[in-house]
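Notes follow the structure.
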Amino acid sequence: MGFFQRLFGKELTKERQHKIERIILAHPNPMQSVLNEPHPIITDNTETAPLETNTKNDTAEPAKTKESPPPTEQTTFKNKQHTFLTPKALSNMTLKKGHLSFSLALPYPCKSLWPSIELALTHNLTQLDEVKKVTIQFTTHVVAHEAQQNIAPLPGIKNIIAVASGKGGVGKSTTSVNLALALQQEGAQVGILDADIYGPSIPTMLNIHDKPNSKDGKSMQPLSAYGLQVMSIGALIDEDSPMIWRGPIVTQTLTQLLKETSWQDLDYLIIDLPPGTGDVQLTLSQQIPVTGAVIVTTPQQIALIDAKKGLKMFEKVNIPVLGIIENMATHICSQCQHEEAIFGEHGGEEMAKQYAVELLESLPLDKHIREDTDNGKPTVIAEPNSILSQHYRSIAHKVAFKVSTQKQSYANAFPKIEILNT
Ligand SMILES: Nc1ncnc2c1ncn2[C@@H]1O[C@H](COP(=O)(O)OP(=O)(O)OP(=O)(O)O)[C@@H](O)[C@H]1O
Ligand SMILES: [Mg+2]
């Protein structure tokens, strides 16, 4: 590199920038295997000139290998939805004295994967003669995706994810709080709505004792726990007083809890549903814009029968099922380490195969999970480095990635224009 180029900051010529961009954009999606599909299909236009590489060591640049060719300007992604990094993800690129710096906005929260992405990109980029050092500022940029037809998005919420089960007591609420917290730890803005009007358990699991405030007397401020925005009927009523609900009141309460809470810039709102396919589920499918549903089940037959009903209900109302979580799959004795499938084996896996949906994770029956939620400090907060938390993080990655592959919603992308007759 010439003295004058360095002096006048012209290290980042257009040509160099393109070369750098191509390497960055060719980075494979860490979640690609989740879709059981190959890496985005890239068709090289053979008429274009071969890519100018100018690398120190050709064999060391993964971007040039056959399996993962670098996209050229003529490159077409056959399946745009599944591409990981698009040119829009890149910004603030500078190259000074061999120090390349840029911002990278990832389309789903995956903070724990940033170091490995940075390592791989640094390795590939420093193969270029002009790059000696790489600094990446990672951010998370989640967009809104379409929900059921004709249901308008809600203000302050980009994507709603419902957590459901057929049978009660299979671990929906436990999974919901851990999923919400894992998404948040991975870089998203997350809220949780306890839609279990009959038996709200989220306040206990998140150690919430406050009542929500209202600034304007019309809407409620969400409660806050471990950085999550939270709303639950459990925070509004007395713990011990029995609530006897009639059908219409239940649905009205749910929509009020959802719509009269001032959610702030949520990437995801997790809705923890009561068990079954009753009034709450019906309201959800007909009146609330849901991007996708996650079904929790134990591997036992009676839970699976009900889980299948839940899955079919979502299919009927056009809410995509993002996947199944098999909970309490096996128990490992803390004394002798003997592993036992208390609720049967492979139930979730077989159901996933039968209905062609993803088995997102198989979680063990573990005393810590129960103790942590009972203590109001879910496992991903109480034991963030445990294997259990890794399971929940893996669910969060897969769920967020699956949401990112849904059709994007532009409903809130433009300001609403009203034409007034004056
Ligand atoms: N993987 C697990 N290992 C151990 N205990 C668990 C696990 N998942 C959930 N639990 C415990 O099982 C009990 C029921 O879980 P949870 O309340 O989450 O179920 P639910 O499906 O939400 O129930 P409901 O249908 O009543 O809403 C809780 O005490 C919880 O701590
Ligand atoms: Mg529950």
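Quick notes on this structure:
- Around H145: net Lys/Arg minus Asp/Glu count, Cβ-Cβ under 12 Å: +1
- Summed residue charge, Cβ within 13 Å of D279's Cβ, Lys/Arg positive, Asp/Glu negative: 0
- Shape of the stretch 235-287, Cα gyration tensor, a/c cut at 1.5: oblate
- For K398, the shell of other residues with beta-carbons less than 13 Å away shows a net charge of -1, using +1 for Lys and Arg and -1 for Asp and Glu.
- Peptide packing: for 379-390, 207-218, 398-409, 319-330, the average count of neighbouring Cβ atoms within 10 Å per residue gives the ranking 319-330, 398-409, 379-390, 207-218, highest mean first.
- GluC sites (Glu not before Pro) lying in DSSP loop within the stretch 225-323, provided at most 13 other Cβ fall within 10 Å: E239, E260
- 3J(HN,Hα) along the stretch 259-273, derived from phi through the Karplus expression 6.51 cos²θ - 1.76 cosθ + 1.60 where θ = phi - 60°, amounts to 7, 9, 9, 7, 5, 10, 6, 7, 6, 9, 10, 8, 10, 8, 8 Hz, with x in place of Gly and Pro.
- Flagged links, alpha-carbon separation over 25 Å, of K259/K353; K211/K316; K377/K407; K309/K398: K259/K353; K211/K316; K377/K407
FYI, it's all coordinate maths here, none of it is from the lab. This is a predicted model, so every value here is computed, not measured. Ideal geometry is used to build each Cβ from the backbone, glycine not excepted, and the neighbour counts take in all protein chains shown.
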